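Each remark here refers to the structure printed beneath this line.
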Amino acid sequence: MISFISLLDGGEEMRFKHNITSTYAVAGVIEALLLVALFSIILSTIQLVYIPDIMEQKEVEHMDAVENQFSHLKSVIDLQTSVKENVPISSPITLGSRELPYFVTARSFGQLDIIDWDDSKIDTDFISNIPLTSITFEAINSYFIDQDYIIEGGGLIIKQYDGETIRIEPSISFDNETTQIKIHWTLPEFFSVAGKNSTSGFKSCYIRTNYSSDTTYQGSTTYIRIYTDYLTAWNNTLNQLLEEPVDNGFINIEKKPIASPTYVEISPASKSVYLDLTLVRIGVQIGPGIVVE
């Protein structure tokens, strides 16, 4: 503090004081405010520009993990349908992903269901209403596109807003015989119990599967109709699996009715169709325990 003294008006003493330190105090406050503003700008830039990309990549990695887990689950089901031994096996599924700490972010969630009651089915001349059951996972993402993973008819289907495809093919093969095309299909049929057939959230869960029984159906047929929610995926895959008889005009595979398709049909052309269908019942439940009939 510095003081200035002068004599004015007949010796009267007047004292003037000037607080120089106050200038430095104001400058310090302004500097602190500028630092806070700079930090806010940097934090806002990270939040608005970089965090969405980081969270999108995190959800992409989660989708890759779910695809690998569903691929493993399908291989387990294929093993159980071929070995036909009642050996329960649990497979993990990661439902979602967590937020990023210290930033404003959102979780991703997943819905896992065992579908053994809807209208999806297979019809033929000699047997009808064969259940086309499925295990479905619906991703509810906040940054990446939503995707569905479905095990149906022995195949692994991936669906998103712009289309669908069968990533891993079902167990379907054929024999090109003299007068007929003999189609072999091993079809898993899932069944569950109430309270153990659905879950949702962001944590991990387990799907427990076990072989129960199997039945074989055989016979010539004028059509094999597959009623499903994934017509495009099934139509494309069947045309690939049965490419030789289709290209040679032995059989036809197409979505019908043409105007508004509701099923995919395999029908005879220059050769007849013979179906060898093995229906394998697989008990499925979400969580601990075992499904029994």
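Some observations on this one:
- Within segment 154-163, not a single residue is surrounded by fewer than 18 Cβ atoms within 10 Å (Cβ to Cβ), touching a Phe, Trp or Tyr at 6+ places or on another chain (Cβ under 9 Å) and at pLDDT 95 or above.
- The residue that is modelled with the lowest pLDDT, among those in segment 189-246 that are more than 22 Å from residue 281 (Cβ to Cβ), of a type in the set (Gly, Ala, Ser) and surrounded by 14 or more Cβ atoms within 10 Å (Cβ to Cβ), is 200.
- Boolean, residue 104 is at pLDDT 90 or above, surrounded by fewer than 16 Cβ atoms within 10 Å (Cβ to Cβ) and among the aliphatic types (A, V, I, L, M): no
- Pairs with Cβ under 7 Å, 6+ apart, first in segment 151-169 and more than 19 Å from residue 131 (Cβ to Cβ), second aromatic (Phe, Trp, Tyr) and at pLDDT 95 or above: 158/149; 159/230; 164/230
- Set 166, 151: member being crowded, with 18+ Cβ neighbours inside 10 Å, at pLDDT 95 or above, touching a Lys or Arg at 6+ places or on another chain (Cβ under 6 Å) and of a type outside the set (D, E, K, R): 151
- When residues of segment 98-148 are limited to those that are over 29 Å from residue 220 (Cα atoms) and of a type in the set (Ser, Thr, Tyr), the one farthest from the chain's Cα centre (by Cα): 102
- Scanning segment 224-251 for residues that are β-branched (Val, Ile, Thr) and outside any helix (DSSP H, G or I), we see that the one that is farthest from residue 154 (Cα to Cα) is 251.
- Members of segment 122-141 found to be surrounded by fewer than 21 Cβ atoms within 10 Å (Cβ to Cβ) and in contact with a helix residue (DSSP H, G or I) (Cβ under 7 Å, 6 or more places away or on another chain), listed by number: none
- Hey, residue 138 at pLDDT 95 or above, closer than 27 Å to residue 56 by Cβ, touching a Phe, Trp or Tyr at 6+ places or on another chain (Cβ under 6 Å) and charged (D, E, K, R) or not: no
- Top-ranked residue in segment 275-293 [being modelled with pLDDT of 95 or more and over 18 Å from residue 152 (Cα atoms); ranked as surrounded by the most Cβ atoms within 10 Å (Cβ to Cβ)]: 275
The values are calculated or read from the model by the stated rules, or taken from the named source; none is laboratory data. Because the structure is a prediction, the values reported are computed rather than measured. No Cβ is skipped: glycine too gets one built from the backbone with ideal geometry, and neighbour counts run over all protein chains shown.
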